[in-house]
Amino acid sequence: MMLEQLRKETRDLHTEIEKGNLAGFIMDHSITTDQYKTLLLQNFIAYKITEEAISPYLNNFSNTKSTQLQADLNLLNVSTELVEFFKNDFFCNSKEEAIGAAYVVEGSVLGGMMIAKELKNCEYLKDISNHHFFNGDRNNVLGWKLFCKQVNESEFPQKQIDKATQKAKETFLFFGKVFLEVKEARNSVNSEL
């Protein structure tokens with residue numbers, strides 16, 4: 001019941017946030033190296049902050065996405081100092097809120113699998129031999145499956161479901177904010193060079 005409500009009530013917001021995502025340039029194979037760096041940084045910041053907010057409330061939740069993104073950014077010599085500007089923009093205060101946020105974080109792996117398949121077709125990324133985050137590893141889906149199993153095995157009163165749904169919406173909005181502001185910051189820095 002909870003997953004059904006989360007999916008239904010966040011569908012439009014999820015679609016809206018994806019419209020402005022640089023990952024679309026991977027799907028059409030036109031992404032530049034600088035756009036890819038921005039995409040990785042956007043995701044690193046969003047995942048790092050949300051994973052840290054979720055972890056205290058959910059057992060078996062891992063921070064692997066931000067760790068993978070950090071490895072990609074290190075290889076490309078991209079600073080992650082912008083994360084500091086978003087540290088106070090996202091929190092979880094309960095298990096229900098953590099479930100809502102985890103729905104967004106864990107569910108994103110499905111889109112990441114599709115993106116990973118297209119990286120090899122991106123001309124400007126051909127020199128990058130190892131992708132840690134968009135790696136296409138089928139095992140990445142295990143976190144999503146475990147999350148769904150745990151949520152489906154539990155009974156939640158409607159009040160908790162509503163709280164999780166609200167936090168899932170807030171999480172999508174947070175990702176959207178990070179995507180927009182990091183893109184603007186990197187464009188500003190690049191235009192000054």
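The values are calculated or read from the model by the stated rules, or taken from the named source; none is laboratory data. For clarity, every value in this text was computed on a predicted model and none was experimentally measured. Quick reminder, even Gly has a Cβ in these numbers, built from the backbone with ideal geometry, and neighbours come from all protein chains shown.
Quick one: would you say Val151 is within 20 Å of the chain's Cα centre (by Cα), in a helix (DSSP H, G or I) and among the β-branched types (Val, Ile, Thr)?
Values: within 20 Å of the chain's Cα centre (by Cα): yes; in a helix (DSSP H, G or I): yes; among the β-branched types (Val, Ile, Thr): yes.
Considered against the rule, which asks whether it is within 20 Å of the chain's Cα centre (by Cα), in a helix (DSSP H, G or I) and among the β-branched types (Val, Ile, Thr), Val151 comes out as yes.
Could you tell me whether Phe179 is in contact with a His (Cβ under 7 Å, 6 or more places away or on another chain) and in a helix (DSSP H, G or I)?
Spelling it out, it is not the case that Phe179 is in contact with a His (Cβ under 7 Å, 6 or more places away or on another chain) and in a helix (DSSP H, G or I).
Could you check region 59-106 and list, in sequence order, the residues that are surrounded by 22 or more Cβ atoms within 10 Å (Cβ to Cβ), over 19 Å from Phe172 (Cβ atoms) and not acidic (Asp, Glu)?
Gln68
If the Cβ limit is 8 Å and pairs must be 6+ apart or interchain, which residue in region 173-193 that is over 30 Å from Ala102 (Cα atoms) and surrounded by fewer than 13 Cβ atoms within 10 Å (Cβ to Cβ) pairs with which residue that is of a type in the set (Asp, Glu) and modelled with pLDDT of 95 or more?
Every condition considered, the pairs that remain are Asn190/Asp34.
For region 66-103, which residues satisfy the criterion of being assigned to a helix (DSSP H, G or I) and under 22 Å from Met2 (Cβ atoms)?
Within region 66-103, Lys95, Glu96, Glu97, Ala98, Ile99, Gly100, Ala101, Ala102, Tyr103 meet the criteria.
Would a scan of region 119-135 turn up a residue that is in a helix (DSSP H, G or I) and either basic (Lys, Arg) or under 17 Å from the mean Cα position of the chain (by Cα) (or both)?
no
Residues are listed down the side, and each one gets a yes or a no for (1) at pLDDT below 95; (2) farther than 22 Å from Ala164 by Cβ:
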position: Thr10; (1), (2): no, no
position: Gly24; (1), (2): yes, yes
position: Ile31; (1), (2): no, yes
position: Thr38; (1), (2): no, yes
position: Ala53; (1), (2): no, no
position: Phe90; (1), (2): no, no
